[in-house]
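**Q** I am attaching a structure below and will ask some questions about it afterwards.
Bear in mind these aren't lab numbers, they're just calculated from the coordinates by the rules spelled out. Because the structure is predicted, anything quoted here is derived from the model rather than measured. As a convention, Cβ positions derive from the backbone with ideal geometry for all residues, glycine included, and neighbour counts pool all protein chains shown.
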């Protein structure tokens, strides 16, 4: 009996994974190829992907290609771009370029890690609320609303201050204050999909709730969630920059927000000390936004004939 139930669940899952929206008559084996082609058709998205790849590679291999210490004084303060320091020096005489290169890795690591926490919490809460409904939905959405009305930046500042500023505390602070949007979107998708024929078919053959949630509904709810989580990375970059700007980051690690915060009083005197780290943040967030726009075009069948 258990073997028969397991086989029935497997057949139901396979059938559900082959489900395609009515607007999109693409066979499962070529769906990802078509999605990639639609993504590449968006020139802005391709530019964003290339730009983000360069930034990630800079964070990974920049310190090897351009070795140095972002905290080391290499020249006189406020040295203009060019010469010894390609992008100039800050108020202490530290190399701006070195700071940007070494700041990419922790900035991106915090953003991606915080987005992972956001995705795990948001998907879990939204999936349970949307699938079970009733009291479970009311309870989980009540918790979601509580976190949603909290001032996110202030709450994150409190979390970081209580647990001392470290990379881990910053990641946790951003993650626990940024999951509500993903949770609400996940709930909406589950409410929309849980009554579809392929889900009812999985129920009819005796599939367990966990199997239906993880292997039947979630794969079909992923497209809008992937877009939202991609854009969430850019939000986390800005969030991290805000905390670092306020001095709520690990003092032993250089980040772009920290560079801006430390040099904000000297912007008029030495514009490059703030402008170049700010430009790094701008390009990172812009590249992620362009990728999100491309994913929206690729996953939204209504936009494919645009």
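**Q** Note the per residue figure in Å³ for the convex hull of the C-alpha positions in segment 147-306. Could you put the intermediate results ahead of the total?
**A** On the way: hull volume 24.0 nm³, N = 160.
Enclosed volume per residue, from the Cα hull, is 150 Å³.
**Q** Taking 8 Å as the Cα distance limit and 6 or more residues as the minimum spacing, I'd like the relative contact order of the chain as a percentage. Don't skip to the answer; put the middle values down first.
**A** Details: 448 pairs, mean separation 87.4, N = 306.
Contact order relative to length: 29 percent.
**Q** Going by average Cβ density within 10 Å per residue, which order do the peptides 149-155, 170-176, 247-253 take, highest to lowest?
**A** Numbers: 149-155: 13.3, 170-176: 24.1, 247-253: 17.4.
The peptides rank, most packed first, as 170-176, 247-253, 149-155.
**Q** Here's another thing I want to ask about it. How big is the Rg/Rh ratio for segment 94-224, C-alpha atoms only, Rh by Kirkwood, two decimals?
**A** Details: Rg = 18.6 Å, Rh = 16.6 Å.
My calculation of the ratio gives 1.12.
**Q** Mind checking the log10 I(q)/I(0) for segment 171-211 at q = 0.16, 0.22, 0.33 Å⁻¹? Debye, one equal scatterer per Cα, no solvent, two decimals.
**A** -0.57, -0.74, -1.04
**Q** If you average over every viewing direction, what projected area does the convex hull of the Cα atoms of segment 208-258 give, in nm²? Mind showing how you got there, number by number?
**A** On the way: hull surface 20.6 nm².
In nm², the orientation-averaged hull projection of segment 208-258 is 5.1.
**Q** Between residue 149 and residue 197, what is the FRET efficiency for a Förster distance of 35 Å, r being their Cβ-Cβ separation, to the nearest 0.05?
**A** On the way: r = 38 Å, r/R0 = 1.08.
Approximately 0.40, to the nearest 0.05.
**Q** What's the extension gain from residue 222 to residue 75 if we count 0.36 nm per residue and subtract their Cα-Cα distance? Don't skip to the answer; put the middle values down first.
**A** Details: separation 147, 0.36 × 147 = 52.92 nm, distance 5.08 nm.
Extra length from residue 222 to residue 75 when fully extended: 47.8 nm.
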